[in-house]
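Worksheet: one structure, shown below.
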Amino acid sequence: MRKGQATKQAILEHAIGLCSRIGLCQVSIGQLADDMDMSKSGLFAHFKSKQNLQIEVLDQAAQEFLDVVVHPAFKAPAGEPRIRQLFTNWVEWTRSNGYAGGCPFVQFSFELDDQPGELREHLIEQQKGWLGILAECARRAVQAGHLRVDLDLEQFAHDFHSLMLGYHHAARLIRDPLAFQRVQISFETFLNNAKE
């Protein structure tokens, strides 16, 4: 990786952590430049606009999620093993991603849900893509005979996603010491319901 690319990568990684805490729209070029010990013009040169920076933060966060949660899970056999691995990876990423504000997508979703514009649309496309991955994993589990044939795939994806949002809420906001155990129980119930 060239020096310029490495610098940009470092900026984006720092920006995700900052955005997870204070929000995507609150981060400024000046603040990032100060944090990274760079000039504003030097940092600006990497992105050309604040909106480009924000879009690249969204893309970098999505790539990290794919690298840590999705791609490793796809090494497991299609069907229930892959769904279980997605769950395990997702919980672990939520528990240990190191971002001060927790899952950046939870922060971005609450921040942008009522803010029309390109950032919101970009996030929506990312989230729809993730729900599509979950639905496709369910479809393959049905084909493998692991889940019932009449399973509503989109409902499965919705419920899986909702389960994890509930876990994040319990772990991050409420600080429930049993959040991890509770989400494991909820996941087993959810998966069993998809089999019956």
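If I filter the stretch 119-126 for residues that are open to solvent by less than 40 Å² (accessible area, probe 1.4 Å), closer than 21 Å to residue 82 by Cα and within 14 Å of the chain's Cα centre (by Cα), do I get at least one hit?
Yes; the residues of the stretch 119-126 include at least one that is open to solvent by less than 40 Å² (accessible area, probe 1.4 Å), closer than 21 Å to residue 82 by Cα and within 14 Å of the chain's Cα centre (by Cα).
Only one of 74, 44 is out of contact with any strand residue (DSSP E or B) (no Cβ under 8 Å at 6 or more places or on another chain), more than 30 Å from residue 146 (Cα to Cα) and of a type outside the set (Gly, Ala, Ser); which?
44
Cβ-Cβ contacts under 7 Å between residues 6 or more apart (or on different chains), taken from a first residue in the stretch 147-174 that is open to solvent by 50 Å² or more (accessible area, probe 1.4 Å) to a second residue that is outside any helix (DSSP H, G or I), are listed as 148/196; 172/102.
For the stretch 178-187, indicate whether the set of residues that are within 20 Å of residue 76 (Cα to Cα), among the small types (Gly, Ala, Ser) and either in a helix (DSSP H, G or I) or open to solvent by less than 30 Å² (accessible area, probe 1.4 Å) (or both) is non-empty.
No, that holds for no residue.
Keeping to the stretch 23-35, report how many residues are in contact with a Leu (Cβ under 9 Å, 6 or more places away or on another chain) and more than 18 Å from residue 104 (Cβ to Cβ). The qualifying residues number 3. Test residue 133 against the criterion of being within 16 Å of residue 86 (Cβ to Cβ) and assigned to a helix (DSSP H, G or I), and give yes or no. Answer is yes for this residue.
For (1) within 13 Å of the chain's Cα centre (by Cα); (2) over 25 Å from residue 55 (Cα atoms); (3) at pLDDT below 95; (4) open to solvent by 40 Å² or more (accessible area, probe 1.4 Å), each residue gets a yes or a no:
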position	(1), (2), (3), (4)
107	yes, no, yes, yes
111	no, no, yes, no
128	yes, no, no, yes
191	no, yes, no, no
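Looking across the stretch 13-69 at every residue that is closer than 19 Å to residue 100 by Cβ and hydroxyl-bearing (Ser, Thr, Tyr), the one that is farthest from the chain's Cα centre (by Cα) is identified as 28.
Only one of the listed residues (158, 146) is part of a helix (DSSP H, G or I) and not basic (Lys, Arg). That residue is 158. Considering the conditions (1) touching an Asp or Glu at 6+ places or on another chain (Cβ under 7 Å); (2) within 30 Å of residue 177 (Cα to Cα), residue 146 is excluded by exactly one of them, (2). Quick check on the stretch 116-123. Is at least one of its residues in a helix (DSSP H, G or I) and under 22 Å from residue 159 (Cβ atoms)? Yes, the stretch 116-123 has at least one match. Could you grab me the full set of residues in the stretch 106-133 that are out of contact with any helix residue (DSSP H, G or I) (no Cβ under 7 Å at 6 or more places or on another chain) and of a type in the set (A, V, I, L, M, F, W, C)? Across the stretch 106-133, the qualifying residues are 110, 124, 130. List, please: which pairs have Cβ atoms under 8 Å, are six or more places apart or on different chains, and start with a residue in the stretch 117-129 that is touching a residue at least 24 places away in the same chain (Cβ under 8 Å) and end with one that is part of a helix (DSSP H, G or I) and open to solvent by 70 Å² or more (accessible area, probe 1.4 Å)? Taking only residues 6 or more apart or on different chains, the pairs are 118/51; 119/51.
The values are calculated or read from the model by the stated rules, or taken from the named source; none is laboratory data. Because the structure is a prediction, the values reported are computed rather than measured. Cβ sites come from the backbone with ideal geometry, for glycine too, and all protein chains shown count toward neighbours. The area values use the complete protein model at the heavy-atom level, side chains included, leaving out ligands, DNA and RNA. Shrake-Rupley method; radii C 1.70, N 1.55, O 1.52, S 1.80 Å.
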